[in-house]
Amino acid sequence: MTIERPAARPANPRFSSGPCAKPPTFELNKLAGAALGRSHRAAVGKDKLKAAIEGTRELLGIPADYRIGIVPASDTGAVEMALWSLLGERNVEMLAWESFGAGWVTDVVKQLKIDAEVKTADYGQIVDLASIDFNNDVVFTWNGTTSGVRVPNGDWIADDRAGLTICDATSAAFAMDLPWDKLDVTTFSWQKVLGGEAAHGMLILSPRAVERLESYTPAWPLPKIFRLTKGGKLIEGIFQGATINTPSMLAVEDYLFALDWARSVGGLQGLIARADANAQAIFEFCDQIDWIDNLAEDPATRSNTSVCLKFTDPRIRDGASFAKAVAKRLEAENVALDIGAYRDAPAGLRIWCGGTVETSDIQAMLPWLKWAFEAEIAAQAEAA
Ligand SMILES: Cc1ncc(COP(=O)(O)O)c(C=O)c1O
C-alpha cells in the first residue's frame, strides 16, 4: 500500500516547545538597533531594559504596584531566586503534574530541606486544586510544559491568603490570562511564548512578596545572583532595569522586537486567540481520528501552548520507539521539527501552539502527522 504524501508543507516547520518559533515577521536585521558594545548601565542600555520591563507590564496587564525584574538564568533563574529568597517563613505546599514542577519539588525538599507538603499528579492529570491551604506558601506551574496540563483559571486561589503563591508561568505568559491579584510571584522566560532568546528570566513580585522579602531572611546563604534585598530593603534598581549582572543587549533587542510584534497582533488577547486557534486545530484533528489523544485528560486543563499527544492505536507494539519514529519522519520531511515528547514525559508528541506559530502551519502539518502515522504502522507491520 502506498501512503500518499500531503501536497502542501507548513511554511514554517518549527513547533519546538522552547526555544519557540520566532514571531513570523522576525528577521535578524530587525535587531540592528541593539545597543551592542555599549554598557547596559549607560542611558541607551538602561532605557532598553526599562522598555522591556514596561512593555511586559503593558502587554500582560500587570498592576502598577507589582515589581518586574529581568534576572539571570532564564525562567529557572527566576524561579530559583524566588524559592531561595522567600521560602522557609511558613509551611510550603508544592504542586506538580510534570517534570518542571517536579524539579521545583526536588529543589525545595532536597536542597532547601524544607518539610513541604508535596501534591503530585501523573502526566495528563492535575492535583486536587480544592485541597490547598493558602495559609501556606504554594508553589506551582501554571502550564505544565511537558504534560500539556494547565490550571483552568485562578479561581481556586484564595483572595484572603496568608501565604504567597509562587507561579512558574513560563509556558503560560502571553498565551493565557494570568490573574495578577492571585499571583504573588510569577516567572517566565523570553524563549517561550514570544519566541525570544534564552538566558534571561522575568521575575514579577506582588506587594505582598516584596513585604516578605523585606521582613524575612532565610536561614541559608544566598549567592549574589539570587539577592533581591540589601540591608533588609528591596533593591529597587533591579526592577528598573539595573540588572544584577550583565544582560545580553542582543537578547533585550530581540525581546523588544517580540513585544512590538505582540502589539501588532492585538496584544495579550490577540496572542491568546492565536494560541487557542492553534490548539483547537489539533483538538479537532484528535476528535476526528481514533489513534491519537490529548495527554491532558480533563478538557478544562488542556494546554493551548504545549499540546501533548499520545498514540492510542492497539497495533502499536513499542509506544516510545513508535512516537520517536513518527517524529523522525516528520523532521526528515521538514514538516515538523522538535515535536518528540519531553525526555521525562510519556511517549508521544508535543506540538507548540503559542502565538508565534501560524494556524495555517498547524493545519498544513496535521495531514503529514496522519501520513507519518500510517507510514510507521506499515513499517511496523513489514518489520514483523
Ligand atoms: C514550566 C517550565 N519551567 C521551567 C522551564 C525552564 O526554563 P528555562 O530553560 O528558560 O530556564 C521550562 C522550560 O521549558 C518550563 O517549561
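Flag not set for W156, criterion: more than 16 Å from the ligand (Cβ to nearest atom), of a type outside the set (A, V, I, L, M) and in contact with a Pro (Cβ under 6 Å, 6 or more places away or on another chain). Residues of the stretch 172-182 include at least one that is at pLDDT 95 or above, open to solvent by less than 10 Å² (accessible area, probe 1.4 Å), near the ligand (Cβ under 10 Å from one of its atoms) and under 17 Å from the mean Cα position of the chain (by Cα).
Residues checked against (1) without any contact (Cβ under 8 Å) to a residue 12 or more places away in the chain; (2) among the hydroxyl-bearing types (S, T, Y):
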position: E4; (1), (2): no, no
position: R9; (1), (2): no, no
position: S17; (1), (2): no, yes
position: C20; (1), (2): no, no
position: T25; (1), (2): no, yes
position: K30; (1), (2): no, no
position: A34; (1), (2): no, no
position: G37; (1), (2): yes, no
position: A42; (1), (2): yes, no
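The set of residues in the stretch 247-290 being touching a residue at least 40 places away in the same chain (Cβ under 8 Å), open to solvent by 10 Å² or more (accessible area, probe 1.4 Å), assigned to a helix (DSSP H, G or I) and under 24 Å from T312 (Cβ atoms) consists of A281, F285. Residues of the stretch 46-96 that are among the polar types (S, T, N, Q) and within 19 Å of L213 (Cβ to Cβ): S85, N91. Tell me, yes or no, whether the stretch 47-60 has at least one residue that is under 19 Å from the mean Cα position of the chain (by Cα), within 16 Å of the ligand (Cβ to nearest atom) and not in a helix (DSSP H, G or I). There is no residue in the stretch 47-60 that is under 19 Å from the mean Cα position of the chain (by Cα), within 16 Å of the ligand (Cβ to nearest atom) and not in a helix (DSSP H, G or I). Would you confirm, using the coordinates I've provided, whether I225 is surrounded by fewer than 20 Cβ atoms within 10 Å (Cβ to Cβ), modelled with pLDDT of 95 or more and within 16 Å of the ligand (Cβ to nearest atom)? Considered against the rule, which asks whether it is surrounded by fewer than 20 Cβ atoms within 10 Å (Cβ to Cβ), modelled with pLDDT of 95 or more and within 16 Å of the ligand (Cβ to nearest atom), I225 comes out as yes.
The values are calculated or read from the model by the stated rules, or taken from the named source; none is laboratory data. All figures in this text were calculated on a predicted structure; none of them were measured in a lab. Neighbour counts are summed over all protein chains in view; Cβ atoms, including those assigned to glycine, are modelled from backbone coordinates with ideal geometry. For the accessible areas, the whole protein counts, side chains as well, though only heavy atoms, and no ligand, DNA or RNA atoms are used. Shrake-Rupley method; radii C 1.70, N 1.55, O 1.52, S 1.80 Å.
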